[in-house]
1. Just give me the residues in the stretch A:58-112 being closer than 21 Å to A:LEU4 by Cα, of a type in the set (Asp, Glu) and at pLDDT below 70, in sequence order.
2. If you check every pair at least six apart or on different chains, which have Cβ atoms under 6 Å apart with a residue in the stretch A:38-50 that is assigned by TED's automatic domain parsing to the domain that holds A:ARG17 first and a residue that is within 9 Å of DNA strand C (Cβ to nearest atom) second?
3. For the stretch B:63-82, enumerate the residues that are assigned to a helix (DSSP H, G or I) and small (Gly, Ala, Ser).
4. Any chance you could count how many residues in the stretch A:1-37 are more than 11 Å from every other protein chain (Cβ to nearest Cβ), within 10 Å of DNA strand C (Cβ to nearest atom) and more than 19 Å from A:ARG61 (Cα to Cα)?
5. Collect the residues in the stretch A:39-85 that are surrounded by 12 or more Cβ atoms within 10 Å (Cβ to Cβ), within 9 Å of another protein chain (Cβ to nearest Cβ) and closer than 20 Å to B:ILE78 by Cβ, keeping them in residue-number order.
6. Which members of the stretch B:13-51 meet the condition of being in a loop (DSSP other than H, G, I, E, B) and either more than 19 Å from A:SER9 (Cβ to Cβ) or among the aliphatic types (A, V, I, L, M) (or both)?
7. Just checking, which of A:ALA12, A:ALA18 is crowded, with 19+ Cβ neighbours inside 10 Å, free of Cβ contacts under 8 Å to residues at least 24 places away in the same chain and either closer than 21 Å to B:TYR85 by Cβ or touching an Asp or Glu at 6+ places or on another chain (Cβ under 7 Å) (or both)?
8. Just checking, does the stretch A:22-40 include any residue being within 23 Å of the chain's Cα centre (by Cα), among the aromatic types (Phe, Trp, Tyr) and modelled with pLDDT under 90?
2 protein chains.
Amino acid sequence: MDPLSSTLSALADPTRRAIIARLAAGEATVNELAAPFDMSLPAVSKHLKVLERAGLISRGRNAQWRPCRLEAAPLKGIADWIERYRDFWTHGFDRLDSYLDELQRNEKSDHE
Amino acid sequence: MDPLSSTLSALADPTRRAIIARLAAGEATVNELAAPFDMSLPAVSKHLKVLERAGLISRGRNAQWRPCRLEAAPLKGIADWIERYRDFWTHGFDRLDSYLDELQRNEKSDHE
DNA sequence: AGGTTAATTAACTTTTTGGTTTATTGCAGC
DNA sequence: GCTGCAATAAACCAAAAAGTTAATTAACCT
């Protein structure tokens with residue numbers, strides 16, 4: 001799966017977004033991350049694996065704990081992607097202008 | 001499903017993102033949207049339904065055609081959501097600062 | 001060594017997703 | 001009123017997602 005798709009699908013789950021929000025406040029262990037949820041520990045462990053495979057978190061090892069840390073790059077990837085569409089909600093999407101902008105934009109970037 | 005989750009999961013598919021990119025250039029019919037893909041028409045029709053249910057597109061009726069139009073609100077929803085994490089990739093994520101910022105932020109907004 | 005805690009793995013279930021093919025609806029134009 | 005084209009609906013299938021419980025690994029502690 002392409003990076004943007006895996007980032008977006010990782011973030012499409014509210015549990016995982018809550019984990020991300022928690023990690024924005026600093027590192028945390030698996031049990032700490034699992035505490036707020038009415039869900040088994042293996043379920044949270046799986047969510048973490050999804051986030052890790054998407055590159056959104058990384059994990060260290062400290063004795064028997066695996067502290068999780070938020071990683072910036074994939075979030076930036078999404079921010080960059082969505083930036084292309086900012087015109088739509090700022091200038092009340094004049095379609096002809098957008099079309100011309102888009103043509104220009106496509107000359108030097110991908111179409112993802 | 002909450003709005004942010006359905007928006008993100010709708011966008012987690014490269015075919016659907018390509019459709020969005022195409023619609024940024026202006027309205028298009030289902031057949032026009034389907035043309036670039038090596039995929040049956042019903043498959044594209046389903047993708048459009050996913051986008052529509054997420055509010056990312058709306059559809060008019062013009063004789064036998066259903067022109068699709070890009071809608072701004074859900075995209076803005078994502079941009080707003082991700083904005084909270086901008087500190088992570090701009091100022092090289094000093095974790096203590098982020099933590100304090102986050103605490104402030106949580107006092108007046110949700111946790112999604 | 002034995003027990004406890006942190007976390008993952010395994011095996012399994014259910015639901016959702018993304019695609020197919022075939023059939024159906026709705027409109028246009030001769 | 002047929003024929004043809006745009007689009008959706010129906011029925012089906014395979015694979016992936018999200019959860020469960022039970023078992024396992026790994027590290028610490030006394």
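1. If the condition is that a residue be closer than 21 Å to A:LEU4 by Cα, of a type in the set (Asp, Glu) and at pLDDT below 70, then A:GLU102, A:GLU107, A:ASP110, A:GLU112 are the ones that fit.
2. Sorted first by the residue in the stretch A:38-50, then by its partner, the pairs are A:LEU41/A:ALA34; A:VAL44/A:ALA34.
3. Matches in the stretch B:63-82: B:ALA73, B:GLY77, B:ALA79.
4. Residues flagged as more than 11 Å from every other protein chain (Cβ to nearest Cβ), within 10 Å of DNA strand C (Cβ to nearest atom) and more than 19 Å from A:ARG61 (Cα to Cα) within the stretch A:1-37 amount to 1.
5. A:LEU70, A:GLU71, A:ALA72, A:ALA73, A:LEU75, A:LYS76, A:ILE78, A:ALA79, A:TRP81, A:ILE82, A:ARG84, A:TYR85, listed by residue number.
6. Residues satisfying the conditions are B:ALA24, B:ALA25, B:GLY26, B:GLU27, B:THR29, B:ALA35, B:PRO36, B:PHE37, B:ASP38, B:MET39, B:SER40.
7. A:ALA12
8. No, the stretch A:22-40 has no match at all.
The values are calculated or read from the model by the stated rules, or taken from the named source; none is laboratory data. No experiment lies behind these values; they were computed from the predicted model shown. A quick note on method: Cβ atoms are made from the backbone with ideal geometry, for glycine too, and the neighbour counts reach across all protein chains shown.
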